[in-house]
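Trainee: Pasting a structure here, questions to come.
Only the coordinates and a few stated rules stand behind these numbers; no lab work does. Keep in mind it's a predicted model, so treat the numbers as computed, not measured. Virtual Cβ from ideal backbone geometry, glycine too; neighbours counted across all protein chains shown.
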Amino acid sequence: MKKVLVCEDEESIRDFVVINLKRSGYDVVDVGSGEEALKAYENEEGGFDVALLDIMMPGIDGMQVCKRFREQSETMGIIMLSAKSQEMDKISSLMMGADDYITKPFSISELIARVDAVCRRVSMVHSKAETASVINSGPFSLNLKSRTVFKNGVQIDLTQVEYQIMEYFFKNQNTALDRSSILNHIWGESYYGDDKIVDVNIRRIRMKIEDEPSNPKYILTIWGFGYKWSAG
């Protein structure tokens, strides 16, 4: 059974989320503050598959919790809960390593679909490939078995979503990929959000792999369309 941590300071919303996640077959731990979320993470043997974090909370807020979680785990799924007026908070949380965000108010069908999608990605990360396979591209190498990426022999720390985007690029080198195809491939065709999440993750990847992120050499922007991987 997949384990989900729900961190939401509004009790009515938290109870609504918890009961519906349990009905969908998830093992749920719920807390009302960032401090409690960090403590729950430390105490949970085996960790959580997914964490739902409210951005706006007193004390340690959701973005701080997201950052701490991502520092400790590259594979745990993280979904942020945000109000419509918190557009910059959404972008900031994605830059800190969140996999997705849901805007309040949200429907329960949307919530479950987002959690299901992130759980599938987590399962892919943990699944073992039958044979080791490496894809090389310029100074980069991508190992499909260990799900790791190296540049000039040095491993690059990537989140699960960032790795999947890199893998998609490596398997489609020198091919212009539109945002919708990247969105559907990584987040699934049933994803409710917009393609802005693609741009934010591309920005994060560029910061990790490019010598000059503001003047990218490897992930090229195809204006009005999407992106192309080119490593020479």
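Trainee: Could you work out how far helix 62-72 tilts from the main Cα principal axis of the chain, as a 0 to 90 degree angle to the nearest 10?
Mentor: Computed tilt is about 60 degrees.
Trainee: What residues have an amide H closer than 5 Å to that of Thr148, excluding those fewer than 5 places away on the same chain, when H is modeled at 1.01 Å from N in the peptide plane?
Mentor: Asn143
Trainee: Can I ask one more? Which value in nm describes the separation of the simple spin-label points at Asp157 and Met124, placed 7 Å from the Cα toward the beta carbon?
Mentor: 2.3 nm
Trainee: Karplus couplings for segment 97-110 from phi (6.51 cos²θ - 1.76 cosθ + 1.60, θ = phi - 60°), rounded to Hz, Gly and Pro as x?
Mentor: Once rounded to whole Hz, the list reads x, 5, 7, 6, 9, 10, 8, 7, x, 10, 8, 5, 5, 5.
Trainee: Find out how many positive minus negative residues lie around Val154, taking Lys and Arg as positive, Asp and Glu as negative, among other residues whose Cβ is under 15 Å from that of Val154.
Mentor: Taking every other residue near Val154 into account, the sum is -1.
Trainee: Right, another one. If amide hydrogens are placed 1.01 Å from N in the peptide plane, which non-local residues have theirs closer than 5 Å to the one on Thr75?
Mentor: For Thr75, no residues qualify.
Trainee: Go through segment 19-28 residue by residue and turn each phi into a ³J(HN,Hα) via Karplus (6.51, -1.76, 1.60, θ = phi - 60°); whole Hz please, and just put x for glycine and proline.
Mentor: Calculated HN-Hα couplings, in order: 5, 6, 5, 5, 5, 8, x, 8, 8, 10 Hz.
Trainee: Out of the DSSP beta bridges found with both residues in the chain, what percent are antiparallel (nearest 5)? Walk me through the intermediate numbers first.
Mentor: Numbers: 17 of 36 bridges.
Counting only bridges with both partners in the chain, antiparallel ones make up about 45 percent.
Trainee: By the scheme Lys and Arg +1, Asp and Glu -1, what is the net charge of all other residues having a beta-carbon under 13 Å from that of Ser73? Spell out each step's value before the answer.
Mentor: On the way: positive: Lys3, Lys67, Arg68, Arg70; negative: Glu42, Glu44, Asp49, Glu71, Glu74, Asp99, Asp157.
Surrounding charge for Ser73 is -3.
Trainee: A further question on this structure: Want the number for Asp194 to Asp27: 0.36 nm per residue separation, take away the alpha-carbon distance, what's left?
Mentor: On the way: separation 167, 0.36 × 167 = 60.12 nm, distance 2.87 nm.
Length gained, Asp194 through Asp27: 57.2 nm.
Trainee: How far is helix 160-170 tilted off the main Cα axis of the chain, in degrees rounded to 10, range 0 to 90?
Mentor: 20 degrees
Trainee: What FRET efficiency comes out for Arg68 versus Ile222 if R0 is 30 angstrom and r is the Cβ-Cβ distance? Round to the nearest 0.05. Please list the in-between numbers first.
Mentor: Working: r = 36 Å, r/R0 = 1.19.
Given R0 = 30 Å and the Cβ-Cβ separation, E is 0.25.
Trainee: Only Cα pairs under 8 Å and at least 6 apart count here; give the relative contact order of segment 77-232 as a rounded whole percent. Present the calculation step by step, with values, prior to reporting the outcome.
Mentor: Details: 201 pairs, mean separation 30.5, N = 156.
The normalised contact order for segment 77-232 reaches 20 percent.
Trainee: With 25 Å as the cut-off, how large is the P(r) tail for segment 3-126, expressed as percent of Cα-Cα pairs? All intermediate terms of the calculation are to be shown ahead of the outcome.
Mentor: Numbers: 894 of 7626 pairs.
More than 25 Å apart: 12 percent of the Cα pairs in segment 3-126.
Trainee: With θ taken as phi - 60° and the coefficients 6.51, -1.76 and 1.60, list the Karplus ³J(HN,Hα) couplings across segment 198-206 in order, rounded to whole Hz; mark glycine and proline as x.
Mentor: 5, 4, 5, 5, 4, 4, 4, 5, 4
Trainee: Using a basic spin-label model with each label point 7 Å from the Cα along Cα→Cβ, how many nm lie between Lys39 and Ala83?
Mentor: With each label point 7 Å from Cα toward Cβ, the separation is 2.7 nm.
Trainee: Can you list residues from other chains, or at least 5 along the same chain, whose modelled amide H is less than 5 Å from the amide H of Ser33?
Mentor: For Ser33, whose amide H was placed from the backbone, the distant partners under 5 Å are Glu8.
Trainee: How many nm is it between the label spots at Leu144 and Met207, if each spot is 7 Å from the Cα in line with the beta carbon?
Mentor: My value for the distance between the label points is 3.1 nm.
Trainee: Here's a follow-up. Set the bar at 19 Å for Cα to Cα. Now go through Lys22/Lys90; Lys208/Lys228; Lys22/Lys196; Lys22/Lys67 and name every pair that lies beyond it. Mind dumping the intermediate values first?
Mentor: Working: Lys22/Lys90 26 Å; Lys208/Lys228 17 Å; Lys22/Lys196 30 Å; Lys22/Lys67 26 Å.
Pairs exceeding 19 Å: Lys22/Lys90; Lys22/Lys196; Lys22/Lys67.
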